[in-house]
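What follows is one structure encoded as structure tokens, with my remarks underneath.
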Amino acid sequence: MPRGNAGARRLPGGRAPRWLPGLLLVAPSILAIGLFVYGLIFWNLRVAVSGRHDEVTPYGFDKGRNFVDLWDDPSWPPAVRHALLFTVVFVGGALLLGALLAFLMEKGIAAEAGFRAVYLFPMAISFIAAGVVWRWLMNPAPPERAVGLNQLFGDLGLDALANDWWQNPTWGMAAMAIPAIWQMSGYVMALYLAGFRGVPDELREAARVDGASEWQVYRYVVFPQLRPVTLSALIILGHISLKVFDLIMAIAGKQIITYVPAIATYVEVFDRHDPANGATIATYLLLAVALLVIPYLVWSVRAERVR
């Protein structure tokens, strides 16, 4: 007698199972992701735990010493501090500005479609192009040779606002975040605007009927509904900030004053010809991004189960 599950494997008439066409359709994508994403991640980890600190030494195995020895490099701790400062200013600034723009547009303004397009335009520009423009705008030249924003401040009699921007040894990375905020705040605005307009009008009207002021409606009804939007924006901006490379290279190049882990990876691999250290830094970046993305994925799965 035939086995009980034999009929479930193949349709009557000898036709292929129903799931096979779908599997064949996505198989190229699965293979590409497996090779070029997870395969390269595995190879990077292999190099990171090796002793290959030049282009001729065999890979070997160093028992993870690279991850500890990297902190003895005098340029690495400042790179981490710069990345953290950039992340805090960029993420906080983009969230606040994007939410403010979305709030103003949600209240209703004339020519909303035009303003929405203008706010989204910067996102269509690459970080390289934006960096070239903002390098001129944030030129730290002295007053007699000032250009960009410093020249504008001088012409307006606001000399106190002129500064050395990204060349400031303490707050240079905060100034470096300004172009990134300008470029990504429109995207955050679009997320928040969709969130604002996804809140049912019935909830707002019920709160107003109960005597809530407009501020209380937003504080206790609207803003709590935007937590998923805020979390999504936080994840997206956070991983962009941790991996920022092209913007900094376009504005400042490989200067120690704007050194971040992504720049350090480039320097280790292509300038110092040290694949092991470069892979180690890349692994640290992967772990930092995973600390943002994995909790978000877990939260998303749990939220879907609740629904």
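Figures for the structure shown
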{"read-out": "Flag for ILE251 being of a type outside the set (Phe, Trp, Tyr), buried (at least 22 other Cβ atoms within 10 Å of the Cβ) and within 30 Å of TYR59 (Cα to Cα)", "value": "no"}
{"read-out": "Within the range 193-214, tally of residues that are touching a residue at least 40 places away in the same chain (Cβ under 8 Å) and open to solvent by 70 Å² or more (accessible area, probe 1.4 Å)", "value": "1"}
{"read-out": "Cβ-Cβ under 9 Å pairs, at least 6 apart or on other chains, the range 71-91 side under 19 Å from LEU287 (Cβ atoms) and in contact (Cβ under 8 Å) with a residue 12 or more places away in the chain, far side assigned to a loop (DSSP other than H, G, I, E, B) and among the aliphatic types (A, V, I, L, M)", "value": "ALA79/VAL260; VAL80/VAL260; HIS82/VAL260; ALA83/VAL244; ALA83/VAL260; PHE86/VAL244; PHE86/VAL260; THR87/VAL244"}
{"read-out": "Residue match in the range 179-194 (condition: assigned to a loop (DSSP other than H, G, I, E, B) and not hydroxyl-bearing (Ser, Thr, Tyr))", "value": "no"}
{"read-out": "Complete set of residues in the range 121-131 that are in contact (Cβ under 8 Å) with a residue 24 or more places away in the chain and open to solvent by 60 Å² or more (accessible area, probe 1.4 Å)", "value": "PHE121, MET123, ILE125, SER126, ILE128"}
{"read-out": "Scan of the range 163-179 for residues that are touching a residue at least 40 places away in the same chain (Cβ under 8 Å) and loosely packed, with under 14 Cβ neighbours inside 10 Å, ordered by number", "value": "PRO169"}
{"read-out": "Condition met for ALA290 (crowded, with 19+ Cβ neighbours inside 10 Å, part of a helix (DSSP H, G or I) and at pLDDT below 95)", "value": "no"}
{"read-out": "Residue match in the range 268-276 (condition: surrounded by fewer than 15 Cβ atoms within 10 Å (Cβ to Cβ) and in contact (Cβ under 8 Å) with a residue 40 or more places away in the chain)", "value": "yes"}
{"read-out": "Matching residues in the range 132-162 - criterion: being under 30 Å from HIS239 (Cα atoms) and either surrounded by fewer than 15 Cβ atoms within 10 Å (Cβ to Cβ) or touching a residue at least 60 places away in the same chain (Cβ under 8 Å) (or both)", "value": "VAL132, TRP134, ARG135, TRP136, MET138"}
{"read-out": "Positions within the range 277-307 being within 15 Å of the chain's Cα centre (by Cα) and either in contact (Cβ under 8 Å) with a residue 24 or more places away in the chain or under 18 Å from ASP72 (Cα atoms) (or both), in sequence order", "value": "LEU285, LEU286, ALA288, VAL289, LEU292, VAL293, TYR296"}
{"read-out": "Members of the range 100-128 that are part of a helix (DSSP H, G or I), under 13 Å from TRP182 (Cα atoms) and aliphatic (A, V, I, L, M)", "value": "LEU101, VAL118, LEU120, MET123, ALA124"}
{"read-out": "Test: residue in the range 97-117 that is touching a residue at least 60 places away in the same chain (Cβ under 8 Å), over 28 Å from LEU231 (Cβ atoms) and open to solvent by 70 Å² or more (accessible area, probe 1.4 Å)", "value": "no"}
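The values are calculated or read from the model by the stated rules, or taken from the named source; none is laboratory data. This is a predicted model, so every value here is computed, not measured. All Cβ positions, glycine included, derive from the backbone under ideal geometry; neighbour counts span all protein chains shown. SASA here: full protein model, heavy atoms, side chains in, ligands and nucleic acids out. Shrake-Rupley method; radii C 1.70, N 1.55, O 1.52, S 1.80 Å.
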